[in-house]
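This report refers to the structure that appears directly beneath it.
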Amino acid sequence: MDFEINQDYALKGLHHVTAITSSAQKIYDFFTNILGLRLAKKTVNQDDYETFHLYFTDENGVAGTDMTFFDFPGIPKGTKGTNNIDRVSFRVPTDTSVDYWIARFDKYGVKHGEIHEFFGKKSFEFVDFDDQHYRIISDEKNVGVAGGTPWSKSNVDKQHAIFGLGAVTVVVNNLEHMNLVLSDVLGFRKTDEEGSLTLYEIGEGGTGASIIVDYQPDEPVAWQGYGNIHHLALRVGSKEGLSYWIERLEKFRFPDSGLVDRFYFASEYFQVAPQVLFEIATDGPGFWVDEPEATAGEELSLPPHLFPGDEAVKAATAAKLRPLDTSDANKVRK
């Protein structure tokens, strides 16, 4: 098997992370009013039209800043454990910013852990109302993939605002297999270790291009549900690059989706370990292709390829969704 990767199409870092929430309204409020991210797109899960898909990003909706959510009707609460994408990090500018977020979470009653060093960076963990796992991490000592631009209408102090995704933690019970996938198949570099944790970086490296593998062979297997991460996506620059990865992964015989047109980007899904789903996604065309940037997120966007020319079906689809008021998506937060 040829393990050499064509560097013209090498992966560039994190694209987005998608999780499952029990409430689209509550996650909208949490991400916009407390975390200070922008709702760049309010649309549907393209495989389940009765489920919202919400994209929270930086000011410009750029890849590498996206945390997205599904709200599958009737899904049970997920359980934590091994064979699971467990935690996503959010990048903040400085060590002082980490202190700012501790104070902010105390003000808003967000549960969080204590500040500590995490692979040489100041950090702490926190959860939302679903016990979804997150981390705040300082970029003060970080080098590598650049972040995005903080949302201009946020109520978060701009000098401390979240501006991108950081390292994502994947818990596995087979470290040898996961190392093979990340290193030999995808092109990650092993750069550090702390106890059960192994840090891998790709491309320019840094927090925005990192995956952390937590080897937990004795934990029970996690079960998917709300409060858990559904998948993580990695960036590739173009559709040509995506085609390269589709062919490469098929040669390695990964269970994969082939090319999937998501309208806002093109992608491929593949299973890297039991219950662990990765995606490779293109950087564009982006979220402003079907609505003006100035009003993005306020109304439901339904990509035209889902319901070509059938306005009645489109209207019926929208009617089946649970109530979700995002009319203030572009108002300045107080």
Q.
Which of the three applies to the chain, rounded, prolate or oblate, going by the alpha-carbon gyration tensor with a ≥ b ≥ c and a/c under 1.5 meaning rounded?
A. rounded
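Determine the percent antiparallel among the DSSP beta bridges restricted to the chain, to the nearest 5. Please report the intermediate quantities before stating the final value.
Working: 52 of 74 bridges.
If we restrict to bridges inside the chain, about 70 percent are antiparallel.
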(Q) List the chymotrypsin sites (Phe, Trp or Tyr not before Pro) within segment 221-290 that DSSP assigns to loop and that have no more than 16 neighbouring Cβ atoms inside 10 Å. (A) Phe252, Trp288
Q | Reachable lysines, given that their alpha-carbon falls under 27 Å from the alpha-carbon of Lys190 and they are not under 8 places away in the same chain | A | Lys12, Lys80, Lys121, Lys122, Lys141, Lys251
Q. From Cα coordinates alone, what are the radius of gyration and Dmax values for segment 50-141 in angstrom?
A. 14.8, 43
Q) Counting other Cβ atoms within 10 Å of each Cβ, which GluC sites (Glu not before Pro) in segment 268-334 have at most 16 and sit in a DSSP loop? A) Glu299
Q. On the first, second and third principal axes, largest extent first, how far apart are the outermost C-alpha atoms of segment 1-78 in Å?
A. 46, 29, 21
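Mind giving me the FRET efficiency for Leu197 and Ala316? R0 is 41 Å, r the Cβ-Cβ distance, nearest 0.05 is fine.
Details: r = 48 Å, r/R0 = 1.16.
That pair, Leu197 with Ala316, gives E of 0.30.
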Q. If you take the alpha carbon radius of gyration of segment 106-260 and divide it by 2.2 N^0.38 Å, what ratio comes out, to two decimals?
A. 1.16
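Values quoted throughout were computed directly from the atomic coordinates according to the rules given, and no laboratory measurement underlies them. These figures come from a predicted structure and were not determined experimentally. We place every Cβ from the backbone using ideal geometry, glycine too, and count neighbours over all the protein chains shown.
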